[in-house]
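Since the structure comes first, as structure tokens, the remarks are kept for the end.
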Protein chains: 2
Amino acid sequence: MAVKVLLNEDEIPRQWYNLAADLPSPLQPPLGPDGKPIGPEDLAPVFPMNLIEQEVSRERWIDIPEEILEILYRWRPSPLRRAVYLEKALNTPARIYYKDEGVSPPGSHKPNTAVAQAWYNKQFGIERITTETGAGQWGSALAFACAILGLKCKVYMVRISFDQKPFRKLMMNVWGAECVASPSMNTQAGRDVLAKHPDTPGSLGIAISEAIEDAVSDRSGKTRYSLGSVLNHVMLHQTIIGLEAKKQLAKIGEKKVDVVIGCAGGGSNFAGLAFPFVADKINGARIEIIPVEPSSCPTLTRAPFTYDHGDVAKMTPLLAMHTLGHEFVSPPIHAGGLRYHGMSPLVSQAVVEGLLTPRSMDQLHCYESALFWARTEGYIPAPETSHAIAAVIEEAKKAREEGKEKVILFNWSGHGLMDLSGYANYMEGKLVDYPLPEEELQESLRSLEGLPKAPIVKTGRW
Amino acid sequence: MAVKVLLNEDEIPRQWYNLAADLPSPLQPPLGPDGKPIGPEDLAPVFPMNLIEQEVSRERWIDIPEEILEILYRWRPSPLRRAVYLEKALNTPARIYYKDEGVSPPGSHKPNTAVAQAWYNKQFGIERITTETGAGQWGSALAFACAILGLKCKVYMVRISFDQKPFRKLMMNVWGAECVASPSMNTQAGRDVLAKHPDTPGSLGIAISEAIEDAVSDRSGKTRYSLGSVLNHVMLHQTIIGLEAKKQLAKIGEKKVDVVIGCAGGGSNFAGLAFPFVADKINGARIEIIPVEPSSCPTLTRAPFTYDHGDVAKMTPLLAMHTLGHEFVSPPIHAGGLRYHGMSPLVSQAVVEGLLTPRSMDQLHCYESALFWARTEGYIPAPETSHAIAAVIEEAKKAREEGKEKVILFNWSGHGLMDLSGYANYMEGKLVDYPLPEEELQESLRSLEGLPKAPIVKTGRW
């Protein structure tokens with residue numbers, strides 16, 4: 001029985017899929033500080049214009065430049081694997097498939113967009129890119145892409161992850177990038193936070209502020225900022241994952257997917273796998289599509305859909321999204337990539353429309369699932385990926401109870417080889433859960449007061 | 001341009017290749033403590049009989065059981081990659097290909113034999129396996145294989161690596177194995193060493209003694225020992241690498257390989273890639289085949305071919321091999337997998353015959369080569385693999401000087417994601433080389449005094 005389905009390089013998808021073209025209700029525009037919609041030119045100090053064009057595009061299909069494909073060929077098309085041993089261990093009639101994004105050099109899905117963004121920046125004449133990173137998967141992916149393309153790279157890494165995952169910083173250094181703990185003394189945004197909260201574990205919101213400030217304050221005009229998730233063009237670049245998966249499932253004669261699952265922090269690995277299937281759902285297919293988030297950072301399951309800033313210093317435009325409030329600081333769960341206060345506007349709007357059914361998971365349950373996976377399937381998942389796995393196991397058990405031969409597809413967003421200290425803490429009984437008390441949630445949502453409300457537009461079809 | 005060549009599962013080689021069938025001069029038999037050749041029954045307390053039969057087999061082709069293939073399918077056939085960016089950076093006319101053994105769950109070539117050995121042990125009714133490990137690649141591979149097959153596993157890990165690479169131990173724990181630093185207080189062999197040298201960094205020779213003692217002293221008869229390199233059956237299981245490479249090169253029309261390179265500690269990843277090409281060389285092909293070892297542990301380049309024990313406590317039979325003497329303790333280079341005093345008898349005999357041209361490399365030069373590789377090709381190599389890369393870069397430059405379109409093939413034995421502290425030390429200028437002074441070599445060779453000499457048999461054809 002085939003346990004993996006491969007595609008050759010000439011079978012790679014040659015266009016990205018843009019969900020914005022097909023959403024039943026239109027995406028809400030980003031707003032400036034004055035509450036008015038902003039235009040491409042307002043984003044020009046932060047991003048190169050070619051990426052801004054992708055950000056606002058409503059074209060359904062966007063060509064992938066040949067030179068980007070040539071870099072992606074190093075690890076793409078990625079394998080579609082079947083979890084036959086997990087199926088046996090669970091005695092489930094479900095067939096479980098997953099896209100293995102851990103095969104990229106930095107070990108996650110992140111380089112799919114890092115390579116694209118670095119390439120477009122270089123095309124635009126940019127020589128240096130700044131960014132933030134949580135768990136370090138994004139920072140190392142951008143460092144890798146910049147090394148390959150000959151660009152300078154500076155990464156502001158959330159302090160708690162910087163301390164928990166020192167090897168991620170070393171990966172960035174191996175690829176020639178500079179990496180500092182955020183908040184840092186390198187920026188005004190960082191200094192402001194440190195003055196108030198010298199012991200802060202940091203947050204993605206703070207690190208984003210620092211990276212943007214660094215980029216826009218370079219007077220040469222040769223530095224831009226890059227974001228690893230949330231924005232439309234990032235979701236776009238990741239859709240190659242789901243498009244490949246469709247070709248691979250077709251290749252082995254799987255005609256119908258019943259459940260699609262991905263963990264969701266800012267939304268990019270989830271969207272990458274799921275959006276091509278969301279398109280099918282919009283066109284009438286019956287598919288359950290589940291973004292899985294930590295119960296300690298329940299953006300999609302408990303937070304409102306409204307306008308909010310992407311960062312703590314309010315340097316980003318206001319985005320219409322599910323948000324816990326831009327001042328939210330997540331508890332120190334090991335899934336650093338899922339600790340963001342907001343969520344991709346595209347993913348958020350799809351949730352509002354009822355196209356997605358979000359689910360939240362406790363940390364300990366995720367580690368239990370990850371360990372069960374590693375001892376049956378072999379590969380060790382990242383803590384973020386373990387959230388998807390926990391939901392997969394739930395769905396596989398449900399299929400067993402229902403006696404249904406379901407096809408479950410999920411995104412293996414990355415391997416956990418850089419995250420073994422989290423496993424050690426779990427095995428030693430040192431980890432705890434951080435359910436978010438209602439009063440803390442309400443407190444955090446106060447940072448939304450005074451910001452414009454996003455209209456809840458639902459076509460009522462799902 | 002294709003940068004990787006994939007095979008489907010149904011294209012996997014279904015037999016292992018046994019070089020012992022084709023060596024021009026016969027392999028010298030292992031000897032017992034009395035200096036007389038030992039038979040299979042003498043090995044029965046240590047290994048299961050089905051593996052002993054493979055160890056002494058002179059059959060050219062040995063079928064791979066279907067159930068082993070089904071486990072290998074998780075990551076095999078492994079990709080054959082082309083290093084196009086390195087070629088460009090070096091401006092070489094050479095085409096550089098490598099087998100990526102880093103795609104296995106533990107990240108190296110080791111599970112090729114770990115899965116096979118665990119499977120044969122289970123077939124023989126064994127329930128628990130003991131082993132030693134240097135850098136931890138072997139220990140984690142056996143832990144993985146035992147997890148998949150439901151066997152217990154105990155690993156004695158050389159203390160210096162145990163301290164340098166704590167994440168390798170955690171990997172073993174994730175897969176449910178027990179891992180202790182060697183020398184340990186768990187065995188008489190370990191206690192003896194600790195009594196004499198309480199601060200010893202340990203060695204593979206010591207750890208082997210402990211693992212064998214543990215296995216043979218289990219009175220239930222359900223424990224056996226497993227070795228990750230050196231022995232004939234280990235080389236055999238690894239030949240799937242070179243057999244796949246041949247199919248992949250044929251698939252893209254590469255008819256002739258000029259240079260084959262692999263790093264060599266005990267010899268297994270080198271043999272795995274090289275032996276099918278050694279067969280071609282025996283049959284008249286012109287190929288340069290280069291095992292690369294650390295200059296601090298120059299087994300093939302400076303040590304004699306003679307009979308020696310595989311371990312410090314002399315628990316193994318005497319093997320005819322290149323050896324620095326069983327009391328040799330290697331300096332603490334980061335390539336822990338290359339710190340063994342001996343070498344596979346098959347590899348050693350091929351060197352004696354002149355079929356191989358060994359080369360040694362300094363640690364700093366290897367790290368320099370690894371960093372150059374990571375910043376051009378993207379993937380980060382293990383410190384062991386960096387020895388092969390250093391030789392590849394030398395050969396690629398030579399091809400440029402000679403203006404020759406050579407085909408260079410090497411074995412990417414594993415990724416370096418668990419070894420980033422070595423990179424950090426290198427980038428911070430903290431590493432040094434450890435050339436082995438002649439007087440220290442001679443001192444180490446004294447442990448060979450009184451042991452039988454192995455006859456140097458050379459047919460004179462190479």
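Points to keep in mind about this one:
- Environment charge of A:PRO294, counting only residues whose C-beta is closer than 12 Å and scoring Lys/Arg +1, Asp/Glu -1: -1
- Other residues within the sphere of radius under 12 Å centred on the Cβ of A:ASN8, judged by their own Cβ, net out at +1 (K and R +1, D and E -1).
- A 1.4 Å probe over all protein chains sorts B:THR316, A:THR301 by accessible area into A:THR301, B:THR316, starting with the largest.
- Compared with the alpha-carbon gap, the fully stretched path from A:GLU67 to A:ALA89 is longer by 3.6 nm at 0.36 nm per residue.
- Our estimate of slack between A:GLU428 and A:HIS365, defined as 0.36 nm per intervening residue step minus the Cα-Cα distance, is 21.2 nm.
- Separation in nanometres of the label points that stand 7 Å from Cα toward Cβ, at A:LYS36 and B:ALA2: 5.7 nm
- Taking 27 Å as the limit for the C-alpha separation, the pairs B:LYS251/B:LYS406; A:LYS256/B:LYS99; A:LYS255/B:LYS247; B:LYS165/B:LYS246 exceed it in the case of A:LYS256/B:LYS99; A:LYS255/B:LYS247; B:LYS165/B:LYS246.
- Rough spin-label spacing in nm, given labels placed 7 Å along Cα→Cβ, for A:SER25 and B:LYS247: 5.3 nm
- Counts of other chain beta carbons within 10 angstrom of each beta carbon in peptide A:170-176 average 6.
- A versus B: buried accessible surface, summed, Å² (probe 1.4 Å, to nearest 100): 3900 Å²
- Cα-projected label distance for A:SER421 with A:GLU127, points at 7 Å along beta-carbon direction, nm: 3.6 nm
- The length gained on full extension between B:LYS397 and B:LYS152, counted as 0.36 nm times the residue separation minus their Cα-Cα distance, comes to 83.4 nm.
- Distribution of pairwise C-alpha distances over the protein assembly as shown, 10 Å bins, in %: 2, 12, 22, 24, 18, 12, 6, 2, 0, 0
- Whole-angstrom gap from region B:120-198 to region B:230-261, using each part's C-alpha centre: 29 Å
- Rolling a 1.4 angstrom probe over region B:1-127 with all protein chains present gives an accessible area of which 51% lies on carbon and sulfur atoms.
- Whole-Å semi-axes of chain A's equivalent ellipsoid (Cα gyration tensor): 31, 24, 23
- Total charge dipole magnitude, region B:1-146, about the Cα centre, Cβ charges on Lys, Arg, Asp, Glu only, Debye to nearest 20: 760 debye
- Restricting the GluC sites (Glu not before Pro) of region A:364-462 to loop positions (DSSP other than H, G, I, E, B) with no more than 14 neighbouring Cβ atoms within 10 Å leaves A:GLU405, A:GLU428, A:GLU449.
- Positive minus negative residues near A:VAL180 (Lys, Arg vs Asp, Glu; Cβ under 11 Å): -1
The values are calculated or read from the model by the stated rules, or taken from the named source; none is laboratory data. Here the structure is a predicted model, which is why all the values come from computation and not from measurement. Here Cβ is always computed from backbone atoms with ideal geometry, including for glycine, and neighbour counts include all displayed protein chains. These accessible areas exclude ligands, DNA and RNA; they are computed on the full protein's heavy atoms, side chains included. Shrake-Rupley method; radii C 1.70, N 1.55, O 1.52, S 1.80 Å.
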